[in-house]
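Heads up, the thing below is written out as structure tokens.
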Amino acid sequence: MKIYITLAENSSSTEESQLYHQYAPNLYRYILARTPDTDIADEILHDVFVHTIETFRCQTLRFPKAYMYTLAQRNIVNFYRRRKIEAHYQNLLIEPEQVWHLETQLVVEEQLFLISEQLGKLPEKMERAYLLAQLEGMSYRQIGLELNVSSNSIKYYLQTARKALEKEFN
């Protein structure tokens with residue numbers, strides 16, 4: 001709290017200094033009771049008084065105590081919100097990439113091979129339409145333009161390809 005005494009002593013008016021000396025001790029205890037350490041409480045108290053003095057210079061505060069406690073509460077909430085976001089971000093950085101077990105990887109590769117083999121048995125346009133729909137996320141119209149066929153043909157191609165794959169894997 002030493003830092004803030006200089007703030008009050010350097011302030012341009014005695015009213016600001018009086019404001020500081022009148023409310024700082026109780027406000028500091030209020031903030032300290034709600035934060036994990038003195039450094040954070042000091043920082044929040046500083047922010048509250050800087051904002052209060054800036055506001056005090058522009059307008060008259062009818063209820064300065066209520067104003068400062070409201071600012072303190074909002075700064076405390078912002079501190080915990082920021083801390084939660086930072087912790088989440090740190091967890092994202094720390095978490096290792098998902099490692100697939102060799103067995104799982106082999107099963108996935110085998111399924112992809114079987115799907116590819118089954119699609120290879122389909123007519124070329126039907127296979128291409130299915131891949132464009134599934135891998136590229138294209139609409140029937142877009143696929144139709146790409147393959148120079150109607151949207152109805154694309155619908156037929158996709159239904160036939162799905163039935164062929166379902167038949168193989170069910």
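The values are calculated or read from the model by the stated rules, or taken from the named source; none is laboratory data. Since the model is a prediction, treat every value here as computed from it, not as a measurement. So basically every Cβ, Gly included, is an ideal-geometry build from the backbone, and we count neighbours across all protein chains shown. Side chains included, ligands, DNA and RNA excluded: accessible areas come from the protein's heavy atoms. Shrake-Rupley method; radii C 1.70, N 1.55, O 1.52, S 1.80 Å.
Ignoring everything except DSSP H segments at least 4 long, calculate the 222 nm mean residue ellipticity for the chain; use -39,500 (n - 2.57) per segment, divide by total residues, nearest 500.
Result for the chain: -28000 deg cm²/dmol, rounded to the nearest 500.
Roughly speaking, what is the centre-to-centre gap between the range 13-39 and the range 105-149 when only Cα atoms are used, to the nearest Å?
Comparing the Cα centres of the range 13-39 and the range 105-149, I get a distance of 67 Å.
Could you give the nm distance between label points at residue 151 and residue 26, where each point is 7 Å from its Cα heading toward the beta carbon?
Going from the residue 151 label point to the residue 26 one covers 7.1 nm.
Could you quote the convex hull projected area for the chain, Cα atoms only and averaged over all directions, in nm²?
Spelled out: convex hull of the Cα atoms, projected over all directions, averaged, 19.7 nm².
Can you give me the three principal axis dimensions of the range 101-141 from its C-alpha atoms, in Å, biggest first?
40, 22, 7
In the chain, which whole DSSP H runs stretch at least 20 Å along their own axis (Cα) and average -0.5 or higher on the Kyte-Doolittle scale?
38-58, 102-120
Once R0 is set to 45 Å, what does the formula 1/(1 + (r/R0)^6) return for the Cβ-Cβ distance between residue 54 and residue 104, expressed as a FRET efficiency to the nearest 0.05?
0.15
Taking 0.36 nm per intervening residue step and subtracting the Cα-Cα distance, what contour gain separates residue 142 from residue 113 on full extension?
Length gained, residue 142 through residue 113: 7.7 nm.
Can you tally the net charge around residue 145? Count Lys and Arg as +1, Asp and Glu as -1, for every other residue whose Cβ sits under 14 Å from the Cβ of residue 145.
+1
So what's the projected area for the range 47-115, the Cα convex hull averaged over all directions, in nm²?
The number I arrive at for the range 47-115 is 8.9 nm².
Please give me the summed charge of the neighbours of residue 170: other residues whose Cβ is under 13 Å from its Cβ, Lys and Arg +1, Asp and Glu -1.
+1
Provide the gained length on full extension for the span residue 159 to residue 66, in nm with one decimal, where the gain is 0.36 nm per separating residue minus the Cα-Cα distance.
This chain segment gains 26.7 nm when fully extended.
State whether the range 58-155 is rounded, prolate or oblate according to the following rule on the C-alpha gyration tensor (a ≥ b ≥ c being the square roots of its eigenvalues): a/c under 1.5 gives rounded; otherwise a/b larger than b/c gives prolate, and the remaining case gives oblate.
oblate
How many percent of the accessible area of the range 47-133 is carbon or sulfur, using a 1.4 Å probe?
Taking all protein chains in place, the range 47-133 shows 56 percent carbon and sulfur surface.
Divide, for the range 120-164, the radius of gyration over alpha carbons by 2.2 N^0.38 Å, where N is the residue count.
0.97
Full-extension gain between residue 94 and residue 124, please, as 0.36 nm times their residue separation minus the C-alpha to C-alpha distance.
Between residue 94 and residue 124, full extension yields 6.2 nm more.
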